[in-house]
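Throughout, read-outs are computed from the coordinates displayed, never taken from laboratory work. Predicted model only: the values in this text are computed from it and were never measured. Neighbour counts run over all protein chains shown; Cβ positions are idealised from the backbone, glycine included.
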Amino acid sequence: MVAFGEPWPEFNDGIYYCDRLRASDAGKTLIEFYSRKYENSAPLHGWLQRIHNKQITIDGCVVTDSDTILRESAELVYHRLPWKEPDAPYVLEILYEDNDVIALNKPSGLQVLPGGLFQQRTVLTQLQRHACNLNTLGCQEPHPVPVHRLGRGTSGILLCAKTKFAKSRLAAYFADGTSIVGVCRKNDPLLKATRNIKKLYRALASGIITEDEVVIDQPIGLVKYPGVANGLYVASPSGKPALSKLVVLERNMLSNSTLVQVEIHSGRPHQIRIHLSFIGHPLIGDPLYSFNGQPKCSGHEFVDQSYAQDGGYKRPENPVPGDCGYHLHAHRVAFTHPVTNEVVEITAPLPSILQTLEESKGNEGL
């Protein structure tokens with residue numbers, strides 16, 4: 001196994017957020033600008049605290065007067081103070097690599113891109129550190145980037161591009177679920193459909209799914225949800241089309257669970273979690289989605305409205321999408337190589353809990 005990763009420092013470096021004022025913002029006070037534009041980041045008192053803490057500059061000068069009048073084209077910079085991010089794994093296994101593409105085996109608990117409390121403890125950070133350390137990747141760019149996302153609690157194959165061309169081609173594959181894969185192998189479920197990329201997941205669903213195969217085409221849309229600034233993805237009749245094909249691999253009457261293989265024909269956020277929940281079989285251990293593709297909690301009464309040392313909201317008490325605990329693994333991927341046009345197949349080893357009884361017995365003999 002080829003792997004890389006550096007241990008996380010105790011604290012990150014903080015973040016600098018820059019705004020160039022538009023004409024429509026001219027004449028506003030400093031506190032009006034921040035408390036209205038970034039109300040999801042902190043309450044009014046939190047922004048006052050940040051200003052008084054000398055965390056905001058205008059054109060390079062620290063400003064502590066919250067009633068300072070802003071002028072057009074002024075440059076505002078807010079410095080979010082360094083903080084200790086939640087624990088996260090840091091070692092990444094390389095499943096495939098060439099001059100254009102690198103595929104990683106992402107562990108559960110590691111976020112792909114910066115967001116929320118995780119700004120440094122991400123796949124992107126480790127990937128770019130790795131590229132800089134080697135400095136001999138043999139590609140056009142020194143900083144490879146993921147071309148899609150996996151939920152923080154989801155493990156398995158994460159495709160990353162090492163050139164701008166590969167990134168654009170792979171991103172197009174993910175966006176277009178109807179392109180031709182180029183090769184179809186008889187009786188291989190991964191290569192039956194005509195698309196440039198196919199993904200098979202393993203998941204552990206609650207309850208006993210009686211049908212051997214299920215097609216789920218429930219649309220997925222956004223709703224307002226406390227603690228999630230841009231809203232939460234849920235099953236919604238007015239949402240965007242989403243298609244998942246589920247095959248039952250094994251039923252366990254004793255644990256009242258079903259091991260399933262899921263092929264997704266669209267890449268909506270949290271699609272598998274939502275679709276399994278929608279048909280009444282949410283993933284075992286999923287802290288967020290319950291039944292009908294909806295969250296377990298809703299309503300602002302679940303939000304802790306107090307603010308932290310840096311003035312921002314504390315973590316909401318209700319579950320949020322990044323919470324872990326469920327069992328979902330991106331097991332197999334087949335895609336048309338962005339440069340050679342050859343079909344590349346990648347398999348990520350299965351966690352023991354997502355193996356069938358036969359697979360488990362086979363591994364015991366290794």
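Can you tell me, using C-alpha contacts under 8 Å and at least 6 residues apart, the relative contact order of the chain as a whole percent?
Normalised by residue count, the contact order of the chain is 15 percent.
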Sort Lys296, Lys199 so that the residue with the fewest other Cβ atoms within 10 Å of its own Cβ comes first and the one with the most comes last. Lys296, Lys199
If you take the square roots of the eigenvalues of the alpha-carbon gyration tensor of the range 15-80 and sort them as a ≥ b ≥ c, do you get rounded (a/c under 1.5), prolate (a/b over b/c) or oblate? rounded
So what's the gap between the Cα centers of the range 218-260 and the range 314-345, to the nearest angstrom? 14
List Thr57, Thr210 from most exposed to least, where exposure is judged by having the fewest other Cβ atoms within 10 Å. Thr210, Thr57
Can you tell me what the convex hull of the Cα atoms of the range 221-296 projects to on average, as an area in nm²? 5.4
May I ask you to sort Tyr38, Tyr17 by Cβ crowding, counting other Cβ atoms within 10 Å and putting the fewest first? Tyr17, Tyr38
